[in-house]
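These notes concern the structure reproduced below.
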Amino acid sequence: MKKSILPRGGAKGIVSIGALVVIFILTVFAPWFAPVDPYSQSLQDILIPPLSHYGNDGGISLLGTDQLGRDVLSRLLYGGRLSLWISIIAVFVSGVLGSAIGIIAGYFGGKVDALLMRLADIQMSIPSMLLAIVMVAVLGSGLTNIVIVLAVTGWVTFARVVRSQVLSLKEMEYVEAARAMGVPHATVMIRHILPNTWFTIATQAALQMSHMILLAAALSFLGLGIEVSTPTWGGMVNDGKSYIDSAWWLSTLPGLAIAFVILSINLFGDWLRDRSEAR
Amino acid sequence: MLKKSRFFMSLTLLAALTAGCSTVSKEPAATGESTPGTAAEQNLDITIGRAFDVSGLDPGFLTENAQVVDNIFDTLVKRDENEKLIPGLATSWKQVDDLTWEFKLREGVSFTNGEPFNAEAVKYSLDRVIDPASNAPTASYVSTIDKVEAIDDYTVHVITKKPDPLIPTRFNRYPTEVVPPKYAEEVGQEEFAQKPIGTGPYKFVSWDKGSNVVLEANADYWNGAPEVKKVTFRSIPEASTRVSALLNGEVDIVTGVSPEDRSKIESSSNARLSTVERAGNTVYVGFKTDVKPFNDPKVRQALNYAIDVDTIVDKVLQGAAVRTNSLIGPKDFGYAGEPEGYNYDPEKAKQLLAEAGYPDGFSITLDTVSWYIKNTDVAQVIAEQLKAVGVTVKVNNVESSVYRTLVPAGKQSDMYVLGWSSTNTLDADAAIYAILRSGESYSTYHNADVDAKLDEARSSTDENKRTELYKEIQDEVIKDAPRIFLYQENQYYGVSDSLNWDGRVDTSIQVSTITAKTQ
Amino acid sequence: MKRYVLKRLGQALLAVIGAATIVFFIIRLSGDPARLMLPPEASEDQVTALRQSLGFDRPVWMQYIDYLKNLVTGDLGNSLYYKDSALKMVLERMPATIDLAVFAIIIAVAVGLLVGILSAYYKNSIIDYLLNGWIFLTQSLPVFWIGIVLILIFAVNLHWLPTSGNRGLESIILPALTLAAYPIAPIARTMRASLIEVMEQGYMVTSQAQGFSKRRRIFKRGLKNALLPVVTVISLEFGVMIAGAVVTETIFSWPGVGQLIIQAVSNRDFPLVQASILVVSILYITLTLVTDLIYHRIDPRIKVR
């Protein structure tokens, strides 16, 4: 993966960052961009195809309406906001947790390291999707639980990657010097080790982000997601699948939205990785 | 394929675990596929696509409907296509005294393993169900029975605890289907549920759990060998997939066609839609009438006025249900026509709420579950319509298995969606007792007068008296509004054009009645 | 070598026990299974009786000890819903999932290697970019969405292939394609990267000097050397495949372990959920173990992970 793909070098960064900024603005400020309230139903206007007129007032629905006459574009934007927030929080929580564990394991080594890494191994032996399904089934669905489940499944990757970097950082002269001078462990870890792992953590966070979005969407799709009326992308694909041949837009559009976001994030992650290798 | 997967398995050191089976090649490709044309051939072999697999095949211990086991077993009493009771394994029955019903049994019938069918078999079949120690899931369907006595080889007496006018109908449905005592004892209850034997028109062949059940015709069936020689009940959970499978000719009959798929079947060249009006559940929004604010009838009436049921039926359900205020289905005993109820009137709703002391409405959670047609959609529309009169509703879609525990335990929210039907006793008692009698696990309504009338109607054998009582109950319940009255669902089946079959009100699929269309 | 194998085996065993423990405790956090096994009309007494007879009323740690004991003897309890041995049911479903996974892996490897080789061969050309763009896209599409779209196109509209179930070769095509979509990307990328790396190494230059044609050079030598990392990727993708299988099997009603898990979860069928997840985890652990051991044999410098 040294020289790779798609828009190269800087262009990759510009394209992906640009796309992410657009997605970010569109979803975070969903209330401003959404043409109507995503919850508001209009039973007179159910299943209107994209770019078609509403029945009564003659306005145009850009991306059509769903089976309760709710505006698909508005729901996509709000759904995106929710999906992104869920994954951002989950990535943040698992990132903090995983990185802390990784740093501690790598820094202290020995028994602590062995214990923590065995724990990681054990969790990794259950495919994360299965772990997530079982946890949601047990804890129940809902926003908080989904975030918890995603965070729990995600920490291991962070811990492993950070740990392996810490192992090499530990050998660095300035770290050894600090330790020799009797600087407390915590300070060494926070002052000298953590700042040097930022880049690794960020790259990993980008990759995890796309995993989390997909996992959360899959859970919603399996009916293990969030409250029914709340729009989420996975849930929208699921809701729309019974209309797949009469109203193609219901499932297709949110699926494409997921793909677009994942694509941008992956591109961004790729760019970060290129840069870290170039350093 | 076989080779490859063997190779892979040995690679993963798992050959020992999964030796010898490769599912793809296990089943011949042609199984169950009957295109028009081949159907008329002698070996009629059909596949029925249902939403769920069975969980067991012992009719005495079912936890779901009896669509599959109905074909392996017989009941003493059967129903004809007009739902009239006709002789089954019993040739006649009569009430001997208040508490005793006498059944004369059919002679010369034997189980498919050769065991003879007789009074002992009937007694055995019931005893094991009504024995409290056996925890039979559907024991309540026959809980009025005290004991069964074998008078001679072909006569049984059913003794009830109180007078029970419904005994013949009770002997029309599970768990009263007759099992062979010797075999059942020999293999035990669990084994029997895996490999059932009955007197019915079909014999059990195989059960691939979670996937399909295969039955073959019983050539020696007492009522004549059926035309369909082999039937596969396949579970296809996704409604739209089920319909696609029908249109692709992979299955011949599908159950539970959802409203938006109806037109696909109607416009197809190889299948047709079979509609059974009001054969499904009567769906309503229940209130816990002892909890604020629903302890005030005015609030309950207000919410009834706030819901535009016609639009829901028309737009959300696309006409797949019939709006009704009746508690009892039109095919049930006790049905007294369509009573007047509450018409959509948001202004009146607001006024009643104000009178009850809630001029600004209130906030509440509505529990819903995916059991009924488009139920989560309906719940969301209800929430939206209640918002218009000031009541803020949070829709809580409860997972099916959780709902199954919450509701009978009374732990659901104060407002909840539930549907109920008389199933195949087709009697008002089954339609309403369990959901209106206080103290019943599915009831959240408390009305001493209604309770007394329900009890009286249950044990009276005077039909006129019962009809009168049910009408009184209905009038009172409508006025008191312990629920938001919604609609009764229709049932839709997709049927291959090569077969003669139509859905029934009692939801049974009697495969022995299916015949090929002569072309 | 021997020490490594022993250590690795020990780790695998620990992982199995750990997985068993995690699964047990997660599941015990849940509600009351006795209630679920009885019909709605059942009385509280009946529920209590059943709870006692199944041992759900005892302290959790006692249930845990029993559970571990039974685990050693291969007894994972009976499915609450089907009243049949949970382990047996899972094993009965396993071949279907393995068939699906093998088919998907074959497709993914075939396509992935082809794409990898082509884009390495035409490195930095327009073909390379197009292929990589396509790979990137397939990796970004959610599995469930691909499945639905494939059904829409090939089963509903074209009537070429069946929508669901497991009857003959034709019914495996759509689910296998769906499941293959994701692992294509890592396989193609790894192939491309390792091929390029191998080609840039010295001995390849030598063979160039010897006058091999470019194409033959790639196939004869580079491929052989580049395959090793690809094998690792394939084994690592297995976990992802299992995750994908849960969704894929649900969409296509494919009677494998994935569908069983979803059914069991919605029936709150604890023993069955336990058994399925354990079997899948053990399979996964074994697969990783075998890959590591083979790898170690080929290249003993690789340390314990």
In this structure, is B:Val505 crowded, with 17+ Cβ neighbours inside 10 Å, part of a strand (DSSP E or B) and touching a residue at least 60 places away in the same chain (Cβ under 8 Å)?
-> no
Among the residues of region C:144-167 satisfying the criterion of being of a type in the set (Val, Ile, Thr) and modelled with pLDDT of 75 or more, which is nearest to C:Thr178 (Cα to Cα)?
-> C:Ile146
Restricting region C:113-132 to residues that are assigned to a helix (DSSP H, G or I) and surrounded by fewer than 19 Cβ atoms within 10 Å (Cβ to Cβ), the one nearest to the other protein chains (Cβ to nearest Cβ) turns out to be C:Tyr129
Please work out which residue is nearest to A:Trp233 (Cα to Cα), limiting yourself to region A:33-65 and to residues that are part of a loop (DSSP other than H, G, I, E, B) and open to solvent by less than 10 Å² (accessible area, probe 1.4 Å).
-> A:Pro38
Among the residues of region C:136-189, which ones are more than 22 Å from A:Trp249 (Cα to Cα) and in a loop (DSSP other than H, G, I, E, B)?
-> C:Trp160, C:Leu161, C:Pro162, C:Ser164, C:Gly165, C:Asn166, C:Arg167, C:Gly168, C:Leu169
One residue from C:Ala49, C:Ala19 being in a helix (DSSP H, G or I) and either within 25 Å of the chain's Cα centre (by Cα) or modelled with pLDDT of 80 or more (or both) = C:Ala19
Within region B:140-157, identify whether any single residue is over 26 Å from B:Ser508 (Cα atoms), exposed (fewer than 15 other Cβ atoms within 10 Å of the Cβ) and touching a residue at least 60 places away in the same chain (Cβ under 8 Å), and answer yes or no.
-> no
If you go through region A:220-228 one residue at a time, do you hit one that is over 24 Å from A:Ser40 (Cβ atoms) and part of a helix (DSSP H, G or I)?
-> yes
Considering only region B:199-306, give the strands (runs of 3 or more DSSP E) lying wholly within it that have at least 1 residues that are closer than 20 Å to B:Leu486 by Cβ.
-> B:271-276, B:282-287
Does at least one position in region C:87-107 carry a residue that is farther than 30 Å from A:Ile244 by Cβ, modelled with pLDDT under 85 and open to solvent by 40 Å² or more (accessible area, probe 1.4 Å)?
-> no
Considering only region C:243-258, state which residues are under 12 Å from A:Ile133 (Cα atoms) and open to solvent by 10 Å² or more (accessible area, probe 1.4 Å).
-> C:Ala243
What are the residues in region A:244-268 that are open to solvent by less than 40 Å² (accessible area, probe 1.4 Å), in a helix (DSSP H, G or I) and more than 11 Å from chain C (Cβ to nearest Cβ), if any?
-> A:Trp249
Within region B:458-480, tally of residues that are under 25 Å from B:Tyr344 (Cβ atoms) and more than 26 Å from the chain's Cα centre (by Cα) | 4
Name the strands (runs of 3 or more DSSP E) wholly inside region B:316-435 in which the number of residues that are within 14 Å of another protein chain (Cβ to nearest Cβ) and within 22 Å of the chain's Cα centre (by Cα) is 2 or more.
-> B:363-368, B:415-420
Is it true that some residue in region B:447-468 is out of contact with any Lys or Arg (no Cβ under 9 Å at 6 or more places or on another chain) and closer than 24 Å to B:Thr507 by Cα?
-> no
Hits in region C:133-178 - residues which are more than 14 Å from chain B (Cβ to nearest Cβ) and either open to solvent by 10 Å² or more (accessible area, probe 1.4 Å) or touching a Phe, Trp or Tyr at 6+ places or on another chain (Cβ under 9 Å) (or both) = C:Gly133, C:Trp134, C:Leu137, C:Thr138, C:Gln139, C:Ser140, C:Leu141, C:Pro142, C:Val143, C:Trp145, C:Ile146, C:Leu177
What is the number of the single condition among (1) modelled with pLDDT of 85 or more; (2) more than 8 Å from every other protein chain (Cβ to nearest Cβ) that A:Gly142 does not meet?
-> (1)
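The values are calculated or read from the model by the stated rules, or taken from the named source; none is laboratory data. The shown structure was predicted, so the numbers you read here are calculated from the model rather than taken from an experiment. Ideal geometry is used to build each Cβ from the backbone, glycine not excepted, and the neighbour counts take in all protein chains shown. In case anyone asks, the SASA skips ligands and DNA or RNA and just uses the protein heavy atoms, side chains included. Shrake-Rupley method; radii C 1.70, N 1.55, O 1.52, S 1.80 Å.
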